[in-house]
Amino acid sequence: MLKVNLIDVDLKFPNLALMKISAYWKRQGAVVTLNGSRGDLNFVSCVFTKNKEKALKIAESYCAEAGGTGIDLKSQLPHEVEHICPDYMLYPKLNYSIGFTSRGCIRKCSFCIVPEKEGYIKEWSSLEEFVRHKKVILLDNNFLASTRWKFKLLEMIERNLIVDFNQGLDIRLIDEEKAALIVKLNPPYLRFAWDDVKDEAAVRKGISILKKEGFPIDRHRIGFYVLVGYNSTLEEDLHRANTLHGMDINTHVQLYKGSQKTAKILARWANRPWYWMTSSFEEFEPIKNLRQYCELFE
Ligand code: SF4
């Protein structure tokens, strides 16, 4: 019997591509192992660029085919593998479904790899294709920009799914109709992004529509990804964090590569409600210490 060995070099999250390769080869009658001994066929998957070298070394020693965003931004699975239901048994503890209903995005944010990697938004998989658990993690980059957003939300509501829009929804696209359906779907936690201080009016408007339609605006139910260290000043970063905290909204600060020490401290403070609820950033011990330390050399 054909033995297929799959190697997940990142070991951080369940690897969706490997789950699909596994399903494909199991369907051909193969025995599939994950990070096992060398098989007749071996595949290495690498999502994070920092693991590229390690992945290529392993691929060489296993005579394996290597793929994934960490190796090649444009790497894609063959159509018949991409559009198969993932093998959820590859990660036996997994208790949720995972997949994309769309890929790409309508926007071209200069810090983001999605436009280059996936291009303009396009429909990708039906829920039927990959949903096997009630809990679903959606990896769509801009779900609400899909022309079929309404159809998909209605299907999720109909199927009573517990959905995590993991990559965040686009607050600039929220209107009454979308907000009302999101309220009906009732996701346990909603994520959005506020990456540019100039979008403040749209952010405030989106939040107020959600509130008006009945979505609870509190830190246990809603959070924003806040990109810092990219074309923004510390004051602007802090303004976005404070504005959201002021509405009892959680922040998930994301550091752009090469961020300054102050931005790192901001992330520590803003990503833990205990810190931002009990102290202002200026009074946060690590930033006070850093400022005192800098003053010594002035
Ligand atoms: S909206 Fe989000 S996914 Fe789309 S380009 Fe901007 S950051 Fe990337």
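Among the residues that make up segment 152-165, is at least one of them closer than 17 Å to PHE224 by Cα and within 16 Å of the ligand (Cβ to nearest atom)?
yes
Of the conditions (1) more than 14 Å from the ligand (Cβ to nearest atom); (2) surrounded by 18 or more Cβ atoms within 10 Å (Cβ to Cβ), LEU138 clears all except one; give me its number.
It is condition (1) that LEU138 fails.
Enumerate the pairs (first residue in segment 273-295 and exposed (fewer than 11 other Cβ atoms within 10 Å of the Cβ); second residue anywhere and modelled with pLDDT of 90 or more and not in a helix (DSSP H, G or I)) with beta-carbon separation below 7 Å, excluding pairs fewer than 6 apart on the same chain, so at least 6 apart or on different chains.
From segment 273-295, no pairs qualify.
Read through the list (1) within 24 Å of CYS109 (Cβ to Cβ); (2) out of contact with any Asp or Glu (no Cβ under 7 Å at 6 or more places or on another chain), then give the number of the only condition that ARG148 fails.
It fails just one condition, (2).
Would you tally the residues in segment 151-162 being touching a residue at least 12 places away in the same chain (Cβ under 8 Å) and in a helix (DSSP H, G or I)?
Step one: list which residues in segment 151-162 are touching a residue at least 12 places away in the same chain (Cβ under 8 Å), which gives 152-157, 159-162.
Next, from what is left, pick out any that are in a helix (DSSP H, G or I): 152-157.
Adding up the residues that qualify gives 6.
How many residues, within segment 187-223, are within 16 Å of the ligand (Cβ to nearest atom), part of a loop (DSSP other than H, G, I, E, B) and crowded, with 20+ Cβ neighbours inside 10 Å? Step through it out loud before you land on a result.
Let us first name the residues in segment 187-223 that are within 16 Å of the ligand (Cβ to nearest atom), namely 190-199, 202-203, 206, 223.
Filter once more, keeping what is part of a loop (DSSP other than H, G, I, E, B): 194-196.
Retained after the next criterion (residues that are crowded, with 20+ Cβ neighbours inside 10 Å): 194-195.
Qualifying residue count, segment 187-223: 2.
May I ask you to say which residue of PHE165, PHE192 is touching an Asp or Glu at 6+ places or on another chain (Cβ under 8 Å), closer than 21 Å to LEU238 by Cβ and without any contact (Cβ under 8 Å) to a residue 60 or more places away in the chain? Please lay out each step first, then the result.
On the way: PHE165 fails: closer than 21 Å to LEU238 by Cβ.
Answer to the check: PHE192.
Hey, can you tell me all the residues within segment 108-123 that are charged (D, E, K, R), surrounded by fewer than 16 Cβ atoms within 10 Å (Cβ to Cβ) and without any contact (Cβ under 8 Å) to a residue 40 or more places away in the chain? Please lay out each step first, then the result.
Applying the first criterion (charged (D, E, K, R)) to segment 108-123 yields 108, 116-118, 122-123.
Next, only the ones that are surrounded by fewer than 16 Cβ atoms within 10 Å (Cβ to Cβ) stay: 108, 116, 122-123.
If the condition is that a residue be charged (D, E, K, R), surrounded by fewer than 16 Cβ atoms within 10 Å (Cβ to Cβ) and without any contact (Cβ under 8 Å) to a residue 40 or more places away in the chain, then LYS108, LYS122, GLU123 are the ones that fit.
I'd like the full set of residues that are under 18 Å from TRP124 (Cβ atoms) and either of a type in the set (D, E, K, R) or in contact (Cβ under 8 Å) with a residue 24 or more places away in the chain (or both), limited to segment 68-95.
Going through segment 68-95, the residues under 18 Å from TRP124 (Cβ atoms) turn out to be 68-69, 73-86.
Listed by number, the residues that qualify are GLY68, THR69, LEU73, LYS74, LEU77, GLU80, VAL81, GLU82, HIS83, ILE84, CYS85, PRO86.
Does segment 166-183 hold any residues that are farther than 18 Å from THR101 by Cβ and away from the ligand (no atom under 16 Å from the Cβ), and which are they?
Listed by number, the residues that qualify are ASP175, GLU176, GLU177, ALA179, ALA180, VAL183.
From the list ILE98, ILE113, exactly one residue is aliphatic (A, V, I, L, M), within 18 Å of the chain's Cα centre (by Cα) and farther than 15 Å from PHE165 by Cβ. Which is it?
Details: ILE98 fails: farther than 15 Å from PHE165 by Cβ.
None of the others qualify; the one that does is ILE113.
Quick check on my filter: what residues within segment 91-135 are within 16 Å of the ligand (Cβ to nearest atom) and among the hydroxyl-bearing types (Ser, Thr, Tyr)?
THR101, SER102, SER110, TYR120 - these are the residues of segment 91-135 that are within 16 Å of the ligand (Cβ to nearest atom) and among the hydroxyl-bearing types (Ser, Thr, Tyr).
Tell me, which residue of segment 1-15 that is at pLDDT 95 or above and surrounded by fewer than 20 Cβ atoms within 10 Å (Cβ to Cβ) is farthest from ASP140 (Cα to Cα)?
So the residue we want is LEU2.
The values are calculated or read from the model by the stated rules, or taken from the named source; none is laboratory data. Keep in mind that this is a model prediction, so the values were computed, not measured. Reconstructed Cβ throughout: ideal geometry from the backbone, glycine too, with neighbour counts over all protein chains shown.
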